[in-house]
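Everything on this sheet refers to the single structure shown next.
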Amino acid sequence: MSTEAIRSRRSVRRYQDKKVPDEVVDDILECGMLAPTARNLQPWLLGAVTDKGLLKRIGSLADHGGFIADCAVCFAVFTLKDEKYRIEDGCAAAMNIIHACGAHGLGSCWVAGDKKAYAQDVRQLLKVPDFHSLVALVSAGYPDEKPQPKGKKAREGATFKNTL
């Protein structure tokens, strides 16, 4: 198994004006549902927004996600707000969505949801029941940019084996 998909992943914030086929969106949602989850509770509700009006409204709500207004699809990851491991489970689903986007040739960008002032507004806009909480938004579409790698922490000091 190659790790190239992980090593080459970049956050894409500019997208072509091109629709993502429904079967691709469905496959990406299914991949999100295949994420690991604590005690196999699968506490998520995963959504896909393609309506341009809704995308513009989400983009205007997300303080660092204005580019959502111009993406082809925005995946929304919600989890049951009373579940102990909801953040971990939601983040696992979001990463599966991001990697599935890459597998389909789409660029994507993680946009924070949990702890953000707009989380409730996005939940209400998408008519998600209030017993769910937003964990993440993932913008996606055919890339209109090819971001270059930015400096990452040096491995030394950021990883360890057995002991520090």
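Going residue by residue through the range 48-62, is there one that turns out to be in a loop (DSSP other than H, G, I, E, B) and out of contact with any strand residue (DSSP E or B) (no Cβ under 7 Å at 6 or more places or on another chain)?
Scanning the range 48-62 turns up at least one residue that is in a loop (DSSP other than H, G, I, E, B) and out of contact with any strand residue (DSSP E or B) (no Cβ under 7 Å at 6 or more places or on another chain).
For the range 96-116, how many residues meet the condition of being outside any helix (DSSP H, G or I), of a type outside the set (Asp, Glu) and farther than 22 Å from Asp70 by Cβ? Selection size over the range 96-116: 1.
Taken as a whole, the range 125-148 holds no residue that is part of a helix (DSSP H, G or I), in contact with a His (Cβ under 9 Å, 6 or more places away or on another chain) and modelled with pLDDT of 95 or more. For Ile68, the criteria (1) assigned to a helix (DSSP H, G or I); (2) more than 18 Å from Arg13 (Cα to Cα); (3) hydrophobic (A, V, I, L, M, F, W, C) hold in every case but one, which is (2).
Just give me the residues in the range 28-47 being part of a helix (DSSP H, G or I) and either under 16 Å from Tyr142 (Cα atoms) or small (Gly, Ala, Ser) (or both), in sequence order. Selection gives Ile28, Gly32, Ala38.
The values are calculated or read from the model by the stated rules, or taken from the named source; none is laboratory data. Keep in mind that this is a model prediction, so the values were computed, not measured. Every residue, glycine as well, gets a Cβ built from its backbone with ideal geometry; the counts of neighbours run over all protein chains shown.
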